[in-house]
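J.: Let me give you the structure first, and then I'll get to my questions.
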Amino acid sequence: MGKVPTKLVSWDDVVEWSRGLAIKIKESNYRPDVIIAVARGGFVPARLLCDFLNVENLISIQSQHWTEAAKAADKAIIKFAYELDLSGKKALLVDDIVDTGESLMLARDFIMKHWKPAELRIAALQWISPVAKLKPDYYYIEVTEWVWFQYPWTRLEDTFQFLKRMLSEESKYKAEWSYDEIVKKFYEWYEIDVGETYFKDAIKMLIEEGILELRNNKYYYKSS
Ligand code: ADP
């Protein structure tokens, strides 16, 4: 598995994009009674949309497709499916990004069949137009070349997965690593700076998971 084109998204970006998305929704005159966050990526944007659109009702559905950073599982599933009556309600389904669109399509179909809102529209901060099988009704950014967006809510998880991938590859050529060497190689691979706290926490997790070993201030990758 090789290097992944990656872009860092800041909390400020998230607020700005959510606000921009809210303006588009407002301009279309769609006034949702309820916002449905797709767990987990849609949580923060959905909460911000509640604020910017003055919506009180926020619920969630967990539709999962990707199991780890930039690596697809076979198919999407609805976790913890429950029954709900949304008849007569205008709903807005919110996610962070429409990549393949599969998890969103699954959530949309489940909601229409089981929760039966009067209307359901879809909003996402970003839409990867060349690969998505679904175009959201509202999006803030159209992405024309596939990139892994490193959102602030998956920073540790992504840093962990990225380090794991990088070290499994690079440890074929280099057995012993200092902390600084790991960080430098991470920049070379992903060209983003997640900050020292995240690096340290992710390295700690790699040790806890038995992927890295620390001896005399040097790190060693343990191939399983
Ligand atoms: P959908 O396109 O319906 O959101 P996917 O299965 O493509 O469904 O993606 C599910 C989730 O995985 C997204 O909501 C997002 O949280 C995460 N994800 C997928 N692709 C990316 C990407 N390119 N960058 C960052 N996160 C992503």
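J.: Looking at residue 132, is it within 12 Å of the ligand (Cβ to nearest atom), touching a residue at least 40 places away in the same chain (Cβ under 8 Å) and either more than 15 Å from residue 61 (Cβ to Cβ) or open to solvent by less than 10 Å² (accessible area, probe 1.4 Å) (or both)?
T.: So residue 132 fails the test.
J.: Pick from region 109-119 the residues that are more than 14 Å from the ligand (Cβ to nearest atom) and in contact (Cβ under 8 Å) with a residue 12 or more places away in the chain: which of them is surrounded by the most Cβ atoms within 10 Å (Cβ to Cβ)?
T.: So the residue we want is 117.
J.: Under 6 Å by Cβ, and 6 or more places apart or on different chains, what pairs join a residue from region 181-208 that is assigned by TED's automatic domain parsing to the domain that holds residue 164 with one that is of a type in the set (Lys, Arg)?
T.: 189/3; 194/155; 198/155
J.: Hey, any hits in region 54-61 for a residue that's out of contact with any Asp or Glu (no Cβ under 6 Å at 6 or more places or on another chain), open to solvent by 60 Å² or more (accessible area, probe 1.4 Å) and either in contact (Cβ under 8 Å) with a residue 40 or more places away in the chain or acidic (Asp, Glu) (or both)?
T.: Within region 54-61, one or more residues are out of contact with any Asp or Glu (no Cβ under 6 Å at 6 or more places or on another chain), open to solvent by 60 Å² or more (accessible area, probe 1.4 Å) and either in contact (Cβ under 8 Å) with a residue 40 or more places away in the chain or acidic (Asp, Glu) (or both).
Residue-by-condition table, conditions (1) among the polar types (S, T, N, Q); (2) touching a residue at least 40 places away in the same chain (Cβ under 8 Å); (3) open to solvent by 20 Å² or more (accessible area, probe 1.4 Å); (4) part of a loop (DSSP other than H, G, I, E, B):
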residue: 127; (1), (2), (3), (4): no, no, yes, no
residue: 157; (1), (2), (3), (4): no, yes, yes, no
residue: 161; (1), (2), (3), (4): yes, yes, yes, no
residue: 172; (1), (2), (3), (4): no, no, yes, yes
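J.: Regarding residue 46, is this residue small (Gly, Ala, Ser), within 11 Å of the ligand (Cβ to nearest atom), modelled with pLDDT of 95 or more and open to solvent by less than 80 Å² (accessible area, probe 1.4 Å)?
T.: Numbers: small (Gly, Ala, Ser): yes; within 11 Å of the ligand (Cβ to nearest atom): no; modelled with pLDDT of 95 or more: yes; open to solvent by less than 80 Å² (accessible area, probe 1.4 Å): yes.
When the stated conditions are applied, residue 46 does not pass them.
The values are calculated or read from the model by the stated rules, or taken from the named source; none is laboratory data. These numbers come from a predicted model, not from an experiment. For neighbour counting, all protein chains shown are included, and Cβ atoms are generated from backbone atoms with ideal geometry for every residue, glycine included. For the accessible areas, the whole protein counts, side chains as well, though only heavy atoms, and no ligand, DNA or RNA atoms are used. Shrake-Rupley method; radii C 1.70, N 1.55, O 1.52, S 1.80 Å.
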